[in-house]
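The values are calculated or read from the model by the stated rules, or taken from the named source; none is laboratory data. Everything quoted here is computed from the prediction, not taken from an experiment. Cβ placement follows ideal geometry from the backbone for every residue including glycine, while neighbour counts extend to all protein chains displayed.
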Amino acid sequence: MKKLIAGNWKMHTTLAEARELARGIVQGLGEAPRPEVAVAPPYTALAAVADVLAGTPVHLAAQDVFWEEKGAFTGAISPLMLVDVGCRLVIVGHSERRQHFGETDATVNRKVKAALKAGLAPIVCVGETLAQREEGRTLAVVERQIREGLAELPADAGARLVIAYEPVWAIGTGRTATPAQAQEVHAFIRTLLPGVLGTARVRILYGGSVTPDNAAALLAEPDIDGALVGGASLMAASFLAIIAAA
Ligand code: 13P
């Protein structure tokens, strides 16, 4: 499986900054065999970044989506709008959405279904908090997020869907999961997938303080199929170094 390195820009970048960052990534990619690459700018910059990425191998992703196609849903963005602006992928259920915006496994499930129906590839985020890990509940929490977030999907969902394991305690903290800690959860998720999606051949990304220094060791683990990068994706040089490490 080809690895996928995705940059989640979160609530960063003006239009000018977004264009410059996207240009820097495209120009630095080079011709060498490389993983698949995607960037997820904020909604306001999607169209501008789509222009920069046109004709390049870098995919456009969004950071969230609503489940309805259109209607009176002030502030929301539909899957069709994301397709229209050029998105191939969309992050769903990021822990920051769960923490600050009331996302639940049930809303994640509705969004995943809507994204798939529109032809998008959802990147579904799961992961435990520090308290849950210390209570020994990591695998139980992740299992619930997977079973409920990915419940009752179409039979071919596994071909497009991506999972991202992002332990909440590792996000933006500089405290990366060790390769062994991440591998343990990735392997566990993989064992769940035949029952949930009908296939285990699904990319499972790791996210949480991935940097050029730790990327190679994480990506060398057998069940780590790529990375979802936050802070280190905001500078072309560090994002490119992570891509090179894959
Ligand atoms: P950091 O790489 O900044 O820890 O963020 C990870 C993340 O949340 C990616 O979605």
**Request:** With the condition kept exactly as written, say whether any residue in the stretch 11-20 is in contact (Cβ under 8 Å) with a residue 40 or more places away in the chain, over 19 Å from residue 241 (Cα atoms) and surrounded by 15 or more Cβ atoms within 10 Å (Cβ to Cβ).
**Result:** yes
**Selected residue (only one of 60, 80, 46 is outside any helix (DSSP H, G or I) and modelled with pLDDT of 95 or more)** = 60
**Complete:** Scanning the stretch 210-229 residue by residue, those within 13 Å of the ligand (Cβ to nearest atom), under 20 Å from residue 124 (Cβ atoms) and in a loop (DSSP other than H, G, I, E, B) turn out to be 210
**Prompt:** Here are some conditions: (1) surrounded by fewer than 14 Cβ atoms within 10 Å (Cβ to Cβ); (2) more than 16 Å from the ligand (Cβ to nearest atom). Residue 173 meets all but one. Which one does it not meet?
**Reply:** (2)
**Message:** Regarding the stretch 140-154, can at least one residue be identified that is within 14 Å of the ligand (Cβ to nearest atom), in a helix (DSSP H, G or I) and closer than 23 Å to residue 217 by Cα?
**Reply:** no
**Message:** Quick check on the stretch 189-209: of everything there that is within 14 Å of the ligand (Cβ to nearest atom) and assigned to a loop (DSSP other than H, G, I, E, B), which residue is surrounded by the most Cβ atoms within 10 Å (Cβ to Cβ)?
**Reply:** 208
**Request:** Please go through the stretch 95-124 and pick out each residue that is more than 16 Å from the ligand (Cβ to nearest atom), among the basic types (Lys, Arg) and crowded, with 18+ Cβ neighbours inside 10 Å.
**Result:** 113
**Request:** Kindly establish whether residue 245 is surrounded by fewer than 23 Cβ atoms within 10 Å (Cβ to Cβ), away from the ligand (no atom under 16 Å from the Cβ) and at negative phi.
**Result:** no
